[in-house]
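Student: Below you'll find the structure I mean.
The values are calculated or read from the model by the stated rules, or taken from the named source; none is laboratory data. This one's a predicted model, so the numbers in the text were calculated from it and none came from an experiment. Ideal geometry is used to build each Cβ from the backbone, glycine not excepted, and the neighbour counts take in all protein chains shown.
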Amino acid sequence: MAAPLRVLVTGAAGQIGYSLVLQIAKGDVFGKETPIVLVLLDIPPMAAVLEGVQFELTDCALANLTGVEAVTNEKDAFTNIDYAFLVGAMPRKEGMERKDLLAANVRIFKSQGKALADFAKPTTKVIVVGNPANTNAFICAKYAAGKIPSRNFSAMTRLDHNRASAQVALKSGVTVGNVKNVIIWGNHSSTQFPDVSHAKVTKSSGEVDAVSAVGDAEWLKTGFISLPSQTVQKRGAVIIEKRKLSSAMSAAKAACDHIHDWYKGTPEGVFVSMAVPSDGSYGIPEGLIFSFPVTIANGEWKIVQGLELNDFAQEKIAVTTKELLEERDEALAACGESKQ
Ligand code: NAD
Ligand code: LMR
């Protein structure tokens, strides 16, 4: 039998953690045949809660879960891991923007970047979920540099991607499995640009452009993007307003989709949204952790090239790029570094 994958989940005593660990443990990410050891990290005051989660996972009696380790220090958490789901961070409350969390959360990702460099394998792949996710991933990658390549770091915009696909499906009268190739450009924030201009919908008559399947071009430029009732940009805030807690079940599912596709690859002709270090594609400054459409094969993502961006798209992408540059500088300052 192959050696088990060591999979770390930080913030495992929190809300997302509670949904996420079961999905990973039962094979939704790496497959039912892949043995895994789950490493659960949280802060020392959460040790008892974490142990409760560990006991429950044991009680799930899952065939390929070969171990569950509950730890409260970074050395034990990061040693020899293959994958890291970095969830542990403060969530926002009603009325806040995600970037309001920057000062509180960025230090966690500086410290975990160093821990990755010190203890993890050089091949470790990382998804940052804790907000503001793109900028936290940027900082984490910076402090792991030299040991782990920056292309192994990503931030989660798959929840936005899934939200956009679901809205297109609802409006087109199909199930979400019949929608592909929506794109989230930029930041996991209210400046992100959800773009359906390259998306396709499969109807009983065959595959058509999403824009014609939806049949409401105006809605795609307005309500779909930003009106609170239907929106993709503001959906996270709407969930907080209603639940008084931020999204957890859908966030955990999206994190699983993200790593599942990174591990297994994307099907022919399908792309997904993933925030990865820019290589300059579409004019985005190099190194910024920016959500792009990507295809994945053999564990390597590739930014989809050559998509046409009209004036509307370019304007939206400029806004989210500007915000990410500002966040980057603020985060560097919070870490005691000079601006780039
Ligand atoms: P939560 O408060 O329920 O859980 C967070 C957990 O992290 C807590 O148990 C806390 O003790 C732990 N934690 C704090 N500092 C830690 C550290 N240094 N090391 C390890 N653990 C630590 O929050 P939640 O609802 O699970 O959300 C977690 C994060 O995910 C938030 O920042 C939230 O905004 C973000 N989020 C992102 C997305 C996305 O799409 N990218 C979606 C949903 C939530
Ligand atoms: C989300 O998109 O639901 C999360 O990022 C939580 C939030 O703060 O909106």
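Student: State which residue pairs qualify: first residue more than 18 Å from S291 (Cα to Cα) and inside the stretch 246-269, second residue within 11 Å of ligand 2 (Cβ to nearest atom) and not in a helix (DSSP H, G or I) in any location, beta carbons under 7 Å apart, and separation of 6 or more residues or different chains.
Tutor: Partner pairs satisfying both residue conditions: S246/P91; S246/R92.
Student: Which is in contact (Cβ under 8 Å) with a residue 24 or more places away in the chain and surrounded by fewer than 17 Cβ atoms within 10 Å (Cβ to Cβ), of A12, A2, A25?
Tutor: Sole residue among the options that is in contact (Cβ under 8 Å) with a residue 24 or more places away in the chain and surrounded by fewer than 17 Cβ atoms within 10 Å (Cβ to Cβ): A2.
Student: If you scan the stretch 262-298, which residues turn out to be among the polar types (S, T, N, Q) and assigned to a loop (DSSP other than H, G, I, E, B)?
Tutor: T266, S278, N298
Student: Among (1) more than 9 Å from ligand 1 (Cβ to nearest atom); (2) farther than 23 Å from F292 by Cβ; (3) at pLDDT 95 or above, which single condition is M96 missing?
Tutor: (3)
Student: Then there is this: I'd like to verify a number: residues in the stretch 240-273 that are at positive phi and within 13 Å of ligand 2 (Cβ to nearest atom), how many?
Tutor: 1
Student: Please verify whether V68 is at pLDDT 95 or above, touching a Cys at 6+ places or on another chain (Cβ under 8 Å) and not in a loop (DSSP other than H, G, I, E, B), treating the condition exactly as stated.
Tutor: Answer is no for this residue.
Residues checked against (1) touching a Leu at 6+ places or on another chain (Cβ under 7 Å); (2) within 21 Å of G113 (Cα to Cα); (3) surrounded by 17 or more Cβ atoms within 10 Å (Cβ to Cβ):
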residue: G280; (1), (2), (3): no, no, no
residue: L288; (1), (2), (3): yes, yes, yes
residue: V294; (1), (2), (3): no, no, yes
residue: Q305; (1), (2), (3): no, no, no
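Student: Would the stretch 53-65 turn up any residue that is among the acidic types (D, E), in the same structural domain as A115 (by TED's automatic domain parsing) and without any contact (Cβ under 8 Å) to a residue 12 or more places away in the chain?
Tutor: yes
Student: Related question: Considering only residues that are assigned to a loop (DSSP other than H, G, I, E, B) and either among the β-branched types (V, I, T) or closer than 23 Å to S190 by Cβ (or both), which ones fall in the stretch 107-157?
Tutor: Result: T123, T124, V129, G130, N131, P132, I148, M156, T157.
Student: Another one. Is there a residue being touching a helix residue (DSSP H, G or I) at 6+ places or on another chain (Cβ under 7 Å) and more than 12 Å from ligand 1 (Cβ to nearest atom) anywhere in the stretch 263-270?
Tutor: no
Student: Continuing with the same structure: Name every residue in the stretch 112-140 that is touching a Gly at 6+ places or on another chain (Cβ under 8 Å), within 16 Å of ligand 1 (Cβ to nearest atom) and farther than 20 Å from G236 by Cα, in order of residue number.
Tutor: Correct list: F138, I139, C140.
Student: Surrounded by fewer than 18 Cβ atoms within 10 Å (Cβ to Cβ) and at pLDDT 95 or above: which single residue out of A275, A318 fits that description?
Tutor: A318
So that you can scan it fast, the table gives a plain yes or no per residue for (1) away from ligand 1 (no atom under 16 Å from the Cβ); (2) surrounded by fewer than 20 Cβ atoms within 10 Å (Cβ to Cβ); (3) at pLDDT 95 or above; (4) in a helix (DSSP H, G or I):
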site: W219; (1), (2), (3), (4): yes, yes, no, yes
site: I225; (1), (2), (3), (4): yes, no, no, yes
site: V232; (1), (2), (3), (4): no, no, no, no
site: I239; (1), (2), (3), (4): no, yes, no, yes
site: A252; (1), (2), (3), (4): no, no, yes, yes
site: A255; (1), (2), (3), (4): no, no, yes, yes
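Student: Can you tell me how many residues within the stretch 67-99 are away from ligand 2 (no atom under 16 Å from the Cβ) and more than 16 Å from the chain's Cα centre (by Cα)?
Tutor: Of the residues in the stretch 67-99, 16 are away from ligand 2 (no atom under 16 Å from the Cβ) and more than 16 Å from the chain's Cα centre (by Cα).
Student: Could you list, in sequence order, the residues of the stretch 20-43 that are in a helix (DSSP H, G or I) and within 16 Å of A89 (Cβ to Cβ)?
Tutor: Selection gives L20 alone.
Student: Hey, among T135, T123, T72, T79, which residue is in contact with a Phe, Trp or Tyr (Cβ under 7 Å, 6 or more places away or on another chain) and among the β-branched types (V, I, T)?
Tutor: Selected residue: T79, the only one of T135, T123, T72, T79 that is in contact with a Phe, Trp or Tyr (Cβ under 7 Å, 6 or more places away or on another chain) and among the β-branched types (V, I, T).
Student: Further, regarding this structure: Is there a residue being assigned to a helix (DSSP H, G or I) and among the hydrophobic types (A, V, I, L, M, F, W, C) anywhere in the stretch 81-97?
Tutor: No, that holds for no residue.
Student: Further, regarding this structure: Can you name the residue in the stretch 185-199 that is under 15 Å from A275 (Cβ atoms) and buried (at least 23 other Cβ atoms within 10 Å of the Cβ) and, of all such residues, is farthest from the chain's Cα centre (by Cα)?
Tutor: D195
Student: Give K121, K110, K125 a once-over and let me know the one that is away from ligand 2 (no atom under 13 Å from the Cβ), without any contact (Cβ under 8 Å) to a residue 60 or more places away in the chain and charged (D, E, K, R).
Tutor: Just a single option satisfies the conditions, and that option is K121.
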